[in-house]
Amino acid sequence: MRVFKRTVRILSLAGLCFAGWLAVTRDFHPLSLVGAAALSVAAALFSMPLFAEENPFDVARPFYRPDLLGLLFAALLLQGYIASAELIVRMLSGRYRPGMVRVRTRLRSRLGRVLLANSITLVPGTLSLWLQDRHLFVHWFDVKSDHSVRAGDLIKRPVESLLERVFG
């Protein structure tokens, strides 16, 4: 069963590589298609360990509460508008202090941590630079606190609690 799953994942990645190649080149010559298929399989075999060590959906809980996902999207939208207005005011006034902060997350699932990092990046003025175990390195346009716990609360508080309820 494990070999079957690995084969399906490699073929899926090869299919994505091949589809990407077709979308970019639009070359349907038979020799080009055979060469692209062979190179797609080779690229999938080579890069599979980089993309997926294990399926993140196997370790994550199923989505029991889709209403929380809707609430998460609404919170991200609201947080984005508030951060955009604050960012514009700070840029025009010249009162900002950019910097990096290290933030620890309570999320246990890898999928939840990745979604937290992407959610932080979606908010204007913050950019997730690196995710290492349970720590996120975030570039913050206006560092309001040098203390990592306080900075973490300001950056991730609204999103992390919802992600924790959905993904654990």
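What follows draws every value from the coordinates through simple rules; no lab data is involved. Note that this is a predicted model, so its numbers are computed, not measured. Note: ideal-geometry Cβ built from the backbone for every residue, glycine included; neighbour counts use all protein chains shown.
Reducing the range 79-106 and the range 126-149 to their Cα centroids gives an inter-centroid distance of 11 Å. Figure legend: label point modelled 7 angstrom from the Cα of Phe137 along Cα→Cβ; no residues of the range 151-168 have amide N under 11 Å from it.
So between Ala74 and Leu154, what do we pick up on full extension, going 0.36 nm a residue minus the alpha carbon distance?
Gain in length upon complete extension: 27.0 nm.
Across the range 92-108, coupling constants 3J(HN,Hα) worked out from phi with the 6.51/-1.76/1.60 Karplus curve, θ = phi - 60°, read 5, 7, x, 9, 8, 9, x, x, 10, 10, 9, 10, 9, 10, 8, 5, 8 Hz, and Gly and Pro carry x. Return the FRET efficiency for the residue pair Ala42, Met100: r is the Cβ-Cβ distance, R0 is 30 Å, and the value is rounded to the nearest 0.05. Here the calculated transfer efficiency is 0.20. In sequence order, the range 6-11 has phi-based couplings of 5, 5, 5, 5, 5, 5 Hz under the Karplus curve 6.51 cos²θ - 1.76 cosθ + 1.60, θ = phi - 60°, and Gly or Pro positions carry x.
Please give the helix 148-167 orientation as an angle from the longest Cα principal axis of the chain, in degrees from 0 to 90, rounded to the nearest 10. That works out to roughly 50 degrees.
Among 103-115, 24-36, what's the highest-first ranking by average C-beta atoms within 10 angstrom per residue?
With the highest mean Cβ count within 10 Å placed first, the list reads 103-115, 24-36.
Which longest uninterrupted range of the chain lacks any GluC sites (Glu not before Pro) assigned by DSSP to a loop state (not H, G, I, E or B) and surrounded by at most 16 other Cβ atoms within 10 Å? Counting only loop sites that pass the neighbour cut-off, the longest clear stretch is 55-168.
For the range 21-31, backbone phi angles converted through the Karplus equation (6.51, -1.76, 1.60; θ = phi - 60°) give residue-by-residue couplings of 4, 5, 5, 7, 8, 6, 9, 10, 5, x, 5 Hz, Gly and Pro being listed as x.
Here His29 and Ser84 are evaluated by their C-beta separation; at R0 = 30 Å the FRET efficiency comes out at 0.05. For semi-axes √(5λ) of the Cα gyration tensor in Å, the value calculated from this model appears in [x] 58, 15, 12; [y] 22, 19, 15; [z] 38, 21, 15 under label [z]. For the chain, the longest principal axis of the Cα atoms and the long axis of helix 110-122 meet at an angle of about 60 degrees.
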